[in-house]
Amino acid sequence: GIGVLLCCGDHRREISRPIGRTTNNVAELEAIRTGLGEVKRRDLPVRLFTDSGYAFGLLVSGWQARKNQALVADIRRLMAEFRDLKLIKVRGHAGDEGNERADFLATSAAARGGGG
């Protein structure tokens, strides 16, 4: 499942969606694609937090995708639409409120969807 927490000022929106049986790496990437796709104002500064070293490596550190190439290419195309986008790596399960909430949304979605 995927979990996305969108915050803008005092406004919050949560996305919790089953995506079926897949790898954790695909789920992390799909959450990023979903979150970016929901941002309407691409001219405003956007900070995307992820605890996925895999996603961060592919999208920031220049790693080359051996798997999930179409998904990574789609995310890179989306990222190019933003004027001021920064991906920030956070430690998973380390008490970061937003990250803990996104993890809860993802695991809840996976439980509802029977996998992921």
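The values are calculated or read from the model by the stated rules, or taken from the named source; none is laboratory data. Bear in mind that the values here come from a model prediction, so they are computed numbers and not experimental data. Here Cβ is always computed from backbone atoms with ideal geometry, including for glycine, and neighbour counts include all displayed protein chains. SASA here: full protein model, heavy atoms, side chains in, ligands and nucleic acids out. Shrake-Rupley method; radii C 1.70, N 1.55, O 1.52, S 1.80 Å.
Just from its helices, what would the mean residue ellipticity at 222 nm be for the chain, if runs of 4 or more DSSP H residues each count -39500 (n - 2.57) and the sum is divided by every residue, rounded to the nearest 500 deg cm²/dmol? Provide the component values of the computation, followed by the final result.
On the way: 4 runs with 51 residues, N = 116.
For the chain, the value works out to -14000 deg cm²/dmol.
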**Asked** Can you give the accessible area of residue 11, probe radius 1.4 Å, in Å² rounded to 10?
**Response** 140
**Asked** Please identify the trypsin sites (Lys or Arg not before Pro) of segment 20-50 that satisfy two criteria: DSSP loop assignment and at most 16 other Cβ atoms within 10 Å. Which are they?
**Response** 21, 40, 41, 42
**Request:** Any chance you could tell me what percent of the C-alpha pair distances in the chain go past 21 Å?
**Result:** 34
**Asked** With charges only on Cβ, +1 for K and R and -1 for D and E, what is the dipole size of the chain about its Cα centre, in debye, rounded to 20?
**Response** 340
**Message:** With a 1.4 Å probe and all protein chains kept in place, how much accessible area does residue 84 have, in Å² rounded to the nearest 10?
**Reply:** 50
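Mind running the shape call on segment 11-68? Use the C-alpha gyration tensor, a ≥ b ≥ c as the square roots of the eigenvalues: rounded below 1.5 for a/c, prolate if a/b tops b/c, oblate otherwise.
On the way: a/c = 2.28, a/b = 1.25, b/c = 1.82.
Oblate is the answer for segment 11-68, as a/c is 1.5 or above yet b/c matches or exceeds a/b.
Considering only protein heavy atoms, with the full assembly of protein chains and a 1.4 angstrom probe, order 23, 34 by accessible area, largest first.
On the way: 23 75, 34 15 Å².
Sorted descending by solvent-accessible area, the residues read 23, 34.
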**Restricting segment 50-116 to chymotrypsin sites (Phe, Trp or Tyr not before Pro) in coil, as DSSP defines it, with at most 16 other Cβ within 10 Å** = 63
**Asked** So which GluC sites (Glu not before Pro) in segment 31-114 pass both tests, a DSSP loop state and at most 15 other Cβ atoms within 10 Å of the Cβ?
**Response** 81
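Restricting to Cα pairs below 8 Å that are 6+ residues apart, what does the relative contact order work out to for segment 1-105? Please round to a whole percent.
Working: 136 pairs, mean separation 36.4, N = 105.
Here the relative contact order equals 35 percent.
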**Asked** Roughly what % of DSSP beta bridges within the chain run antiparallel, to the nearest 5?
**Response** 55
**Asked** So for the chain, taking the charge dipole from beta-carbon charges (+1 Lys/Arg, -1 Asp/Glu), which of 4, 64, 22 sits furthest toward the positive end?
**Response** 64
